[in-house]
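Each remark here refers to the structure printed beneath this line.
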Ligand SMILES: *[C@@H]1O[C@H](CO)[C@@H](O)[C@H](O)[C@H]1NC(C)=O
Ligand SMILES: [Cu+2]
């Protein structure tokens, strides 16, 4: 009896802490060109500056690397439970929700905080008609989120913000868990034929958005992710 109680407690504890981090880009080393945090916990206040590139309760490491990425190419964002987890430990399966990516043009990707206007969404994987979530697909894909860097944007330095929202507690106000990190990239070869319309972070999300205050357990068949629609060339 005592034994099974402690097992149950251990299981509950591991679920509670089974968060996630976008740890590396295009197969690079963990934290090389991606501002990884010291702790894998979520951000829950969408009005805080920490919603942009993490921080606050999860201080992030600086990195001087700026990763070259070809416009029009696929970029691979690797998500892991912790900085040292393997591909079999991406995030707890309870943490269902959308997986997205944003970009922002900056003059210095190694130093720009990302706070403020200029963000556009380049990818969004929410709920499909079979009831599977972006997080389910991310786990099945061993933590690799593949996004296309738009071909038509201007070349230059950008922040690439990978974001995952876990909705397992999102039926309560401020219960959605936001996980995000920013990669520092230099986009080459972009045609600069379009300028994406953009939003501010913080600012684009409200705690009451239907994709943020959301009940995962009532069998809803649709989901509207927060933020703008995905930019298309
Ligand atoms: C970005 O790429 C351009 C074009 O190759 C290059 O001239 C520039 O030095 C690069 N900047 C950085 C920070 O890597
Ligand atoms: Cu968690």
- Item | Calculated P(r) of region 164-233 - Cα pairs past 19 Å, % | 48
- Residue separation between residue 200 and residue 217 times 0.36 nm, minus their alpha-carbon distance, gives in nm 3.0 nm
- Message: For the chain, what does the relative contact order come out to in percent, with C-alpha contacts under 8 Å and a separation of six or more?
- Response: 25
- Task: Report the residues of region 17-31 in range of a label on residue 82: point 7 Å along Cα→C-beta, backbone N strictly under 13 Å from it.
- Result: 17-21
- Message: Helix-only mean residue ellipticity at 222 nm, the chain, DSSP H runs n ≥ 4 weighted -39,500 (n - 2.57), per residue, nearest 500. What is it?
- Response: -3000 deg cm²/dmol
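In the chain, how does Rg compare with the Kirkwood Rh, expressed as the Rg/Rh ratio over alpha carbon atoms?
Taking Rg over the Kirkwood Rh, I get 0.97.
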- Message: Residues of region 70-84 with backbone nitrogen within less than 16 Å of a virtual label 7 Å along the Cα-to-Cβ line of residue 137, please, listed as ranges.
- Response: 74-79
- Distance in nm between pseudo-label sites at residue 48 and residue 66 (7 Å out along the Cβ direction from Cα): 3.0
- Cα pair distances exceeding 17 angstrom across region 99-233, given as percent: 61
- Message: Suppose a student asked you for the relative contact order of region 159-233, using Cα pairs under 8 Å spaced at least 6 residues apart; what percent would you report?
- Response: 33
- Ranked by how many other beta carbons lie within 10 Å on average, peptides 124-132, 205-213, 184-192 from highest: 184-192, 205-213, 124-132
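Would you kindly state how much longer the chain becomes between residue 151 and residue 193 on full extension, computed as 0.36 nm times their sequence separation minus their alpha carbon distance, in nm to one decimal? Display every interim value, and only then the final one.
Details: separation 42, 0.36 × 42 = 15.12 nm, distance 0.89 nm.
Using 0.36 nm per residue and subtracting the Cα-Cα distance, I get 14.2 nm.
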- Message: Can you give me the C-alpha center-to-center distance between region 78-116 and region 151-215, rounded to a whole angstrom?
- Response: 10
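All of the numbers you see were taken from the coordinates with simple rules; none came from a lab. What you see is a predicted model; the values in this text were computed from it and never measured. Every residue, glycine among them, receives a Cβ derived from its backbone with ideal geometry; neighbour counts consider all protein chains shown.
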